[in-house]
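Reviewing the structure listed below.
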Amino acid sequence: MAGKRKSHSVSFKAKVAIAAVREQETVAQLSSRYSVHSSQIHQWKRQLLEGAEGVFGTVGRPRKGDPDEVSVDELYEQIGRLKMELELLSSGMTIPEILEDYEDLEKEDLLAALAWAARLAQSRRLQSVNP
């Protein structure tokens, strides 16, 4: 019986693909190191190389109306999602419980929310000490 497919974050895929492009280790070594099948590494490497041109597609900041531009609404949506994740954690839910209930979240998302909250709390502490 087949197990559940492993879902990798975009940053993990990029890290593995860049390591493959560097060719400092063989694909077999990378496969063993990252616990990913060699054909998957080849696919990610190919995607990286094919999409590399897009990195240089626009020079400077995106123009208004550019599809790559992040809207304020999207940023508020992301802030709301981060607040929800923090509320769930503060209510006593564990990270595995949250990931089970919210399948579109990844562990990296929750850790980023915690890091953001820690920076915010530190900033507020500093502001209260130095008014």
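The values are calculated or read from the model by the stated rules, or taken from the named source; none is laboratory data. Keep in mind the model is a prediction, meaning the values are calculated, not measured. Cβ atoms come from the backbone with ideal geometry, glycine included; neighbour counts cover every protein chain shown.
Conditions (1) modelled with pLDDT under 80; (2) part of a loop (DSSP other than H, G, I, E, B); (3) among the small types (Gly, Ala, Ser); (4) within 18 Å of the chain's Cα centre (by Cα), marked per residue:
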site	(1), (2), (3), (4)
Glu87	yes, no, no, no
Pro96	no, no, no, yes
Glu100	no, no, no, yes
Glu108	no, no, no, yes
Leu114	yes, no, no, yes
Leu120	yes, no, no, no
Arg124	yes, no, no, no
Gln127	yes, no, no, no
Practice prompt. Output the number of residues of the stretch 8-45 satisfying the condition of being in contact with a Phe, Trp or Tyr (Cβ under 6 Å, 6 or more places away or on another chain) and under 21 Å from Leu105 (Cβ atoms).
Written response: 1
Worksheet item: Among the residues of the stretch 13-53, how many are aromatic (Phe, Trp, Tyr) and either in contact (Cβ under 8 Å) with a residue 40 or more places away in the chain or farther than 26 Å from Glu100 by Cα (or both)?
Response: 1
Worksheet entry | Residue check for Val59: at pLDDT below 90, of a type in the set (Val, Ile, Thr) and over 21 Å from the mean Cα position of the chain (by Cα) | yes
Worksheet entry | Close pairs (8 angstrom Cβ cut-off, 6 or more residues apart or separate chains): in the same structural domain as Ala117 (by TED's automatic domain parsing) in the stretch 74-100, not in a helix (DSSP H, G or I) anywhere | Glu85/Leu105; Ile98/Leu105; Leu99/Leu105; Leu99/Glu106
Worksheet item: Which members of the stretch 16-41 meet the condition of being surrounded by 14 or more Cβ atoms within 10 Å (Cβ to Cβ) and part of a helix (DSSP H, G or I)?
Response: Val16, Ala17, Ala19, Ala20, Val27, Leu30, Ser31, Tyr34, Ser38, Gln40, Ile41
